[in-house]
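Engineer: Got a structure for you, questions after.
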Amino acid sequence: LDKTGYWGEAVRQRKPLILNDFKARNPLKKGYPAGHAELHRFLTTPIYDHDKIIAVVGMANKKEPYTDDDVKQLQFMMNTVWNTLYNRKTELENLEFANALEHSPVSIVITDINGNIELVNKYFEKRTGYSFNEVKGKNPRVLKSGTQAKEFYQNLWSTITSGKTWVGELQNKAKDGSIFWESATISPIKNPNGVITKFIAVKKDITEKRAQDEM
C-alpha cells in the first residue's frame, strides 16, 4: 500500500476520493504504471464488508466532472456485486461443510445460542442411538450420564459463552443406556460483528482408550 498513489489513498483515508483534473499537480499521485491509459478524471472508493475494506474500485475519464452521486452509484453497484459473490461463496462453503459433516468419523453437534440442538451428523446418530428428529431442539444434556458434577457443566457453559473454546472429556449415556466417553472440543461460532450465534461440538469416542488406560 505504501507504494501506491492516489488509488491507495482511498484505503489510507478510508473514504471515496475524486480528482476531476487528474493532470493538475497533486502530492498524492505517483505517476502511471507502464502502459497505463492516460487519465483525465478519476474516482476511487473503498468497498466495505461491515468495517473491513475488501476491495477498491475506480472509474476514470467521464466526460463531465464526477460528483457525490457518482460515488453513491458506484458504491451501490459494487456492494451488490460483493453481496452476490459473498452469498455464492457462502452457499459453496455450506455444501462443502455439509458433505464433511456427514462423512466425519466423529460426532458433531451444532446448537443455537441457548444450547438447543440445531444439527447433528450421522456419526452422532450412530454413536448415541438418537436420531436427529429425537434430539432436534433439545439440549445436549439428554446425553448426560449423571456421573459428572454440576460444577463441571457450569464451567463448560461459562467458558464457551465467554467466547472461549472448551476442551475436555465427557462421560455420556446413549439411548440404550450404555455409558461412553468422548474427548470434546466445544467452540462458539461468531458472526462478522463478533457476536456469538451458535456453538459447535466436535467429539471423538475414547471409550476403548479409557478402558485400556484403567486396566
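The values are calculated or read from the model by the stated rules, or taken from the named source; none is laboratory data. Bear in mind that the values here come from a model prediction, so they are computed numbers and not experimental data. Cβ sites come from the backbone with ideal geometry, for glycine too, and all protein chains shown count toward neighbours. The protein model used for the area step is the full one, side chains on, heavy atoms only, and it has no ligands, DNA or RNA in it. Shrake-Rupley method; radii C 1.70, N 1.55, O 1.52, S 1.80 Å.
Engineer: Within region 177-215, how many residues are assigned to a strand (DSSP E or B), farther than 17 Å from Val120 by Cβ and either of a type in the set (D, E, K, R) or touching a helix residue (DSSP H, G or I) at 6+ places or on another chain (Cβ under 6 Å) (or both)? Break it down into steps so the answer makes sense when it comes.
Structural biologist: The initial filter retains those residues of region 177-215 that are assigned to a strand (DSSP E or B), namely 179-190, 196-205.
Within this subset, residues satisfying the condition of being farther than 17 Å from Val120 by Cβ are 179, 181, 183, 188, 190, 196-197.
With the extra rule that they be either of a type in the set (D, E, K, R) or touching a helix residue (DSSP H, G or I) at 6+ places or on another chain (Cβ under 6 Å) (or both), the set shrinks to 181, 188, 190.
Residues flagged as assigned to a strand (DSSP E or B), farther than 17 Å from Val120 by Cβ and either of a type in the set (D, E, K, R) or touching a helix residue (DSSP H, G or I) at 6+ places or on another chain (Cβ under 6 Å) (or both) within region 177-215 amount to 3.
Engineer: Among the candidates Arg14, Arg25, which residue alone is open to solvent by 90 Å² or more (accessible area, probe 1.4 Å) and within 22 Å of Met77 (Cα to Cα)?
Structural biologist: Numbers: Arg25 fails: within 22 Å of Met77 (Cα to Cα).
One residue alone meets the criteria, Arg14.
Engineer: For region 105-125, indicate whether the set of residues that are touching a Gly at 6+ places or on another chain (Cβ under 8 Å), over 15 Å from Ala201 (Cα atoms) and assigned to a strand (DSSP E or B) is non-empty.
Structural biologist: Checked region 105-125: no residue is touching a Gly at 6+ places or on another chain (Cβ under 8 Å), over 15 Å from Ala201 (Cα atoms) and assigned to a strand (DSSP E or B).
Engineer: Among the numbered conditions (1) part of a helix (DSSP H, G or I); (2) among the polar types (S, T, N, Q); (3) over 27 Å from Phe97 (Cα atoms), tell me where Asn133 comes up short.
Structural biologist: Just one mismatch for Asn133, condition (3).
Engineer: Next question, about the same structure. One residue is enough: does region 69-85 have a residue meeting the conditions among the charged types (D, E, K, R), open to solvent by 80 Å² or more (accessible area, probe 1.4 Å) and farther than 30 Å from Lys203 by Cα? Explain how you work it out, then say what you get.
Structural biologist: Of region 69-85, the ones among the charged types (D, E, K, R) are 69-70, 72.
With the extra rule that they be open to solvent by 80 Å² or more (accessible area, probe 1.4 Å), the set shrinks to 69, 72.
Subset that is farther than 30 Å from Lys203 by Cα: 69, 72.
The answer is yes; a qualifying residue exists.
Engineer: Scanning region 105-137 for residues that are of a type in the set (Lys, Arg) and over 24 Å from Lys190 (Cα atoms), which turns out modelled with the lowest pLDDT? Explain how you work it out, then say what you get.
Structural biologist: Going through region 105-137, the residues of a type in the set (Lys, Arg) turn out to be 122, 126-127, 136.
Now narrow it down to the ones that are over 24 Å from Lys190 (Cα atoms): 122, 126-127.
Details: Lys122: 90, Lys126: 93, Arg127: 94.
This residue is Lys122.
Engineer: Next question. Taking region 160-178 on its own, how many of its residues are closer than 20 Å to Lys198 by Cα and open to solvent by 30 Å² or more (accessible area, probe 1.4 Å)?
Structural biologist: Within region 160-178, residues that are closer than 20 Å to Lys198 by Cα and open to solvent by 30 Å² or more (accessible area, probe 1.4 Å) number 5.
Engineer: Now, a different point. Going residue by residue through region 52-65, is there one that turns out to be without any contact (Cβ under 8 Å) to a residue 12 or more places away in the chain, outside any loop (DSSP other than H, G, I, E, B), among the aliphatic types (A, V, I, L, M) and open to solvent by less than 70 Å² (accessible area, probe 1.4 Å)?
Structural biologist: No: zero hits.
Engineer: Specify which of the listed residues (Trp181, Trp157) is surrounded by 16 or more Cβ atoms within 10 Å (Cβ to Cβ) and among the aromatic types (Phe, Trp, Tyr). Working first, answer last.
Structural biologist: On the way: Trp157 fails: surrounded by 16 or more Cβ atoms within 10 Å (Cβ to Cβ).
From the options Trp181, Trp157, the qualifying one is Trp181.
Engineer: Looking only at residues that are part of a loop (DSSP other than H, G, I, E, B) and closer than 17 Å to Ser107 by Cβ in region 156-176, which one is farthest from the chain's Cα centre (by Cα)? Before you say what the answer is, go through the steps one by one.
Structural biologist: Step one: filter region 156-176 for residues part of a loop (DSSP other than H, G, I, E, B), giving 162-165, 174-176.
Still in the running and closer than 17 Å to Ser107 by Cβ: 165, 174-176.
Details: Thr165: 16, Ala174: 32, Lys175: 33, Asp176: 37 Å.
Here the answer is Asp176.
Engineer: A follow-up question, please. Can you name every residue in region 1-28 that is under 37 Å from the mean Cα position of the chain (by Cα) and either assigned to a helix (DSSP H, G or I) or among the charged types (D, E, K, R) (or both)?
Structural biologist: Asp2, Lys3, Tyr6, Trp7, Gly8, Glu9, Ala10, Val11, Arg12, Arg14, Lys15
Engineer: How about region 115-129: which of its residues are in contact (Cβ under 8 Å) with a residue 24 or more places away in the chain and open to solvent by 50 Å² or more (accessible area, probe 1.4 Å)?
Structural biologist: Within region 115-129, Glu118, Arg127 qualify.
Engineer: Of the conditions (1) of a type outside the set (D, E, K, R); (2) in a loop (DSSP other than H, G, I, E, B); (3) open to solvent by less than 80 Å² (accessible area, probe 1.4 Å); (4) at pLDDT 85 or above, His40 clears all except one; give me its number.
Structural biologist: (3)
Engineer: Ok, one more. Out of region 50-83, which residues are modelled with pLDDT of 90 or more and of a type in the set (Ser, Thr, Tyr)?
Structural biologist: Hits for region 50-83 are Tyr66, Thr67.
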